[in-house]
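Participant: Before anything else, here's the structure in question.
Nothing in this text is a laboratory measurement; each read-out follows from the coordinates by a stated rule. What you are looking at is a predicted structure, and each value in this text was computed from that prediction instead of being measured. Reconstructed Cβ throughout: ideal geometry from the backbone, glycine too, with neighbour counts over all protein chains shown.
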Amino acid sequence: MAGSIEKHGKNSYRLVYSMGFDANGKRIKRTKTVHVKTKKEAEKELAKFIAEIEAGEYIKPAKMSLSDFIQLWRDNYAEKQLSPKTFETYNNYINTRIIPQLGHLQLADIKPIHLIRFLNNLKKNGTRLDGKNSSLSEATINYYRRILKNIFSRAVEWKFLQVNPAEKLPKEKESIGKGNVYDENETRLLLKCLEKEDLKWRLYFTLALTCGLRKGELLALQWEDIDLESGTLYVRHSLSYTKEKGFFLKEPKTKRSKREIAIPSFVLPLLKKYKNVRLREKEKLQDEWEGGNYNFVFATWNGKPHHHSYPRTKWERFLKRNNLRYIRPHDLRHTSATIMLNNGVNYKTVSERLGHSSTRITFDFYVHRTKEADRSAAECFDNQFGA
């Protein structure tokens, strides 16, 4: 067995390693092109190349495009290991941007810089597909990063690559925009306006605010998850939906998302009243009931779960009727956290109440909010005692 070096253009050398002959007498070779300036550097690369081969660590670059590998990843990993909703979401992201922009590249040729450029382009104004002249959010960019890391991790695991080019991609720091939560005065006004609403939706948005629940957690909530005597709400499931599977219950987002939450005392009489209303309605429906064995707290008139887009529609109409400043329904969860922190509730308690996977996530996400509150506190002294 022997190795040799061939000049292969400016600052480029072809490493050749001979491994004898096959059964037909054809020479078996392993080759690799390296980009170095001198022959001495090429000799060092050849030595490493030979060592890799003899140690069994060298992987011949796959003659496969990223697009082709993604299909392999879908068939042999994603469809089996990811939840149906996550699989559907991953595919949407992959088909929208990853394959159109990166799919033509050969898997073995993709370097971290290709992926960094791809993610950086998502930060440019005009990259959104909804017509808005702005960049994608930090959370969305991080989601693309997560998908790429998953795909290339499988490529390494299955010996198509030695190194994951997505392994050390920088993560975007996610934060809440300054105007995306209600302050305490706006929250009081919100609760006052909700008093005029249908009891179901009044409770839906009140629980989103006071308990910091995610949409899927609210829609999955069943009466058995609420102990009206102790005033405790148990988050046990999240409602999900895919075109292929329809509605289904799944485990919450993280292990710590499975939690129990104390319900504010002013909400309990409303829940008791609403539960009695729903029980009477179910009894009247009899054969028209379509909820099966489920007793969802927030469901359609005949017990079926609401589609995920419906609460947002109700929220937007409510805001418009009452001339309230627009924030997303999910921002009620952020409002909940911000109000707790600004009123002295510690990060650990807030983290547990929200179901974050760690207190650090809560701190990183909301620390700028408490700094704003501290600045406002300082301004009180300026207004009262400043020159």
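Participant: Distance cut-off 31 Å, Cα to Cα: go down the list Lys132/Lys159; Lys39/Lys111; Lys85/Lys284 and report the pairs above it.
Facilitator: Lys132/Lys159; Lys85/Lys284
Participant: Also, I was wondering about something else. Long-range amide H contacts for Thr232: which residues qualify at under 5 Å (H placed 1.01 Å from N, peptide plane, sequence gap of 5 or more or a different chain)?
Facilitator: Asp227, Ile263
Participant: Can you work out the Karplus-derived ³J(HN,Hα) for every residue in segment 154-165? Use 6.51 cos²θ - 1.76 cosθ + 1.60 with θ = phi - 60°, whole Hz, and x for glycine or proline.
Facilitator: Result, rounded to whole Hz: 5, 4, 6, 4, 8, 6, 7, 9, 8, 10, 7, x.
Participant: Something else: Anyone know which of Met64, Met340, Met19 comes out most mobile in the 10 Å Cα GNM of the chain?
Facilitator: The residue that fluctuates most here is Met19.
Participant: Mind putting a number on the dipole of segment 2-54 about its Cα centre? Charges go on the C-beta only, +1 for Lys and Arg and -1 for Asp and Glu, and I need it in Debye to the nearest 20.
Facilitator: Once rounded to the nearest 20, the dipole reads 260 debye.
Participant: For Asp287 and Lys200, what does the FRET efficiency come to when R0 = 22 Å and r is the distance between their Cβ atoms, rounded to the nearest 0.05?
Facilitator: 0.45
Participant: Projecting each Cα onto the charge dipole of the chain (Lys/Arg +1, Asp/Glu -1 at the beta carbon, about the Cα centre), which of Phe266, Ile151, His104 comes out farthest on the positive side?
Facilitator: My answer, from the dipole projection, is His104.
Participant: In a Gaussian network model over the chain where Cα atoms closer than 10 Å are linked, find which of Arg74, Arg14, Arg145 has the largest mean-square fluctuation.
Facilitator: Arg14
Participant: May I pose another question? Which one of Glu352, Glu41, Glu224 has the biggest mean-square fluctuation once the chain is modelled by GNM with Cα springs under 10 Å?
Facilitator: Of Glu352, Glu41, Glu224, the most mobile in the Gaussian network model is Glu41.
Participant: Which of the GluC sites (Glu not before Pro) across segment 109-186 are loop residues per DSSP, with 13 or fewer other Cβ within 10 Å?
Facilitator: Passing sites in segment 109-186 are Glu167.
Participant: Right, here's the next one. Arrange the following residues from fewest to most other Cβ atoms within 10 Å of their Cβ: Tyr204, Tyr366, Tyr77, Tyr347.
Facilitator: By the 10 Å Cβ count, ascending, the order reads Tyr77, Tyr347, Tyr366, Tyr204.
Participant: Just to be sure I understand the model, the point goes 7 Å from the Cα along the line to the Cβ. What's the resulting Arg30 to Lys149 distance in nm?
Facilitator: Placing both labels 7 Å beyond Cα along the Cβ direction yields 3.1 nm.
Participant: May I pose another question? As I understand it, the dipole of the chain uses +1 on the Cβ of Lys and Arg and -1 on the Cβ of Asp and Glu, about the Cα centre. Which of Asn95, Val16, Thr338 lies farthest toward its positive end?
Facilitator: Going by the Cα projections, it comes out as Val16.
Participant: Please compute the net charge surrounding Tyr77, taking Lys and Arg as +1 and Asp and Glu as -1 over other residues with Cβ under 12 Å from its Cβ.
Facilitator: 0
Participant: Charges at C-beta only: +1 for Lys and Arg, -1 for Asp and Glu. How large is the resulting dipole of the chain about its Cα centre, in Debye rounded to 20?
Facilitator: The calculated dipole for the chain is roughly 1140 debye.
Participant: Right, next: State to the nearest 20 debye the size of the charge dipole of segment 96-148 about its Cα centre, where the only charges are +1 on K and R beta carbons and -1 on D and E beta carbons.
Facilitator: The calculated dipole for segment 96-148 is roughly 120 debye.
Participant: Right, something else. From Cα pairs below 8 angstrom and at least 6 apart in sequence, can you work out the relative contact order of the chain, rounded to a whole percent? Let's see the in-between values first.
Facilitator: Values: 454 pairs, mean separation 45.1, N = 387.
This gives 12 percent for the chain.
Participant: Run through all the Cα pairs of the chain and give the fraction in each 10 Å bin from 0, expressed as whole percent.
Facilitator: 4, 16, 23, 21, 14, 10, 7, 4, 1, 0
Participant: Across segment 347-357, in residue order, what do the Karplus-derived ³J(HN,Hα) couplings come to in whole Hz, using 6.51 cos²θ - 1.76 cosθ + 1.60 with θ = phi - 60° and x for Gly and Pro?
Facilitator: 4, 4, 5, 4, 4, 5, 5, 7, x, 5, 6
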